[in-house]
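The values are calculated or read from the model by the stated rules, or taken from the named source; none is laboratory data. As the structure is a prediction and not an experimental result, all values here were calculated from the model. So basically every Cβ, Gly included, is an ideal-geometry build from the backbone, and we count neighbours across all protein chains shown.
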């Protein structure tokens with residue numbers, strides 16, 4: 001496989017075939033993210049992609065899922081994306097789910113009919129970084145979209161029958177707006193009603209603008225108990241019809257895996273026990289991105 005630079009994928013795609021269609025991220029301006037800072041956004045040529053698909057056909061016959069890397073493959077032209085999915089169906093017929101990263105801009109530029117076409121060709125799940133439902137926080141981290149656009153684009157993906165996994169970031173609003181961020185994020189998640197929510201806890205990355213603000217004393221990183229209060233407030237304000245709310249990423253202090261709404265009260269009780277010191281939290285030395 002022809003991989004260039006750092007290749008990232010969601011935790012749930014750990015065992016998937018990773019087909020790198022693009023390199024880097026088409027936005028690449030979020031203040032907290034260092035994933036693609038040294039990498040220019042580009043699209044792989046057709047010959048390289050076909051060669052990698054044929055490689056997977058020979059060597060990845062037991063992997064039934066495939067993820068299209070990198071940061072925002074959905075932004076490429078519909079014609080090229082359709083062709084890639086057709087090649088996957090032709091040469092990897094055992095693959096039963098294709099996943100992709102998506103941001104609000106790339107979703108906006110795909111029509112409802114185009115998204116439905118991609119779904120018919122095997123695109124079954126999209127991963128969208130919401131980070132926060134608080135407009136002030138979204139502006140501060142240079143996310144490139146406000147909460148209303150996040151809601152509209154999340155709903156658009158879901159209307160195309162493509163499953164949606166939304167990532168939120170605990171601690172990203174800092175100390176002063178922590179609970180506002182939690183409540184507003186719960187509101188936006190409820191409006192989108194995704195199948196999956198993944199909550200990560202902020203870990204500052206050297207070299208990013210947010211890290212520099214932290215060093216200057218302009219950004220206050222939350223303590224573990226403040227992170228727990230934030231996620232508790234977020235879950236209280238999140239209503240899903242039947243979605244999973246996960247906080248079991250390596251960055252989190254307390255692993256959480258809940259199906260909402262039925263597990264809401266039990267999950268809030270678990271967080272309360274942790275806040276009372278009855279459950280041990282993950283030590284800083286074991287947290288990771």
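Scanning segment 261-281 for residues that are surrounded by 16 or more Cβ atoms within 10 Å (Cβ to Cβ) and at pLDDT below 95 turns up just one, 281. Restricting attention to segment 245-259, does a residue exist that is modelled with pLDDT of 95 or more and more than 23 Å from the chain's Cα centre (by Cα)? Scanning segment 245-259 turns up no residue that is modelled with pLDDT of 95 or more and more than 23 Å from the chain's Cα centre (by Cα).
Look through segment 1-17, keep the residues that are in a loop (DSSP other than H, G, I, E, B) and touching a helix residue (DSSP H, G or I) at 6+ places or on another chain (Cβ under 6 Å), and return whichever of them is farthest from residue 37 (Cα to Cα). Among those residues, the one meeting the criterion is 1. Only one entry of 108, 101 meets the criterion of being exposed (fewer than 15 other Cβ atoms within 10 Å of the Cβ), within 20 Å of residue 130 (Cβ to Cβ) and in contact with a helix residue (DSSP H, G or I) (Cβ under 9 Å, 6 or more places away or on another chain), and that entry is 108. So is residue 34 closer than 24 Å to residue 210 by Cβ, in contact with a strand residue (DSSP E or B) (Cβ under 8 Å, 6 or more places away or on another chain) and in a loop (DSSP other than H, G, I, E, B) or not? No: the conditions fail for residue 34. Residues in segment 133-149 that are without any contact (Cβ under 8 Å) to a residue 24 or more places away in the chain and assigned to a loop (DSSP other than H, G, I, E, B): 146 alone. The set of residues in segment 102-147 that are touching a strand residue (DSSP E or B) at 6+ places or on another chain (Cβ under 7 Å) and over 19 Å from residue 27 (Cβ atoms) comprises 122, 123, 124, 125.
Are any of the residues in segment 256-269 within 30 Å of residue 37 (Cα to Cα) and touching a helix residue (DSSP H, G or I) at 6+ places or on another chain (Cβ under 9 Å)? Checked against the condition, which is being within 30 Å of residue 37 (Cα to Cα) and touching a helix residue (DSSP H, G or I) at 6+ places or on another chain (Cβ under 9 Å), segment 256-269 yields no hits at all. Pairing each residue of segment 112-128 that is over 14 Å from residue 163 (Cβ atoms) with any residue that is at pLDDT below 95 and part of a helix (DSSP H, G or I), provided the two are 6+ apart or on different chains, yields no C-beta distance under 6 Å.
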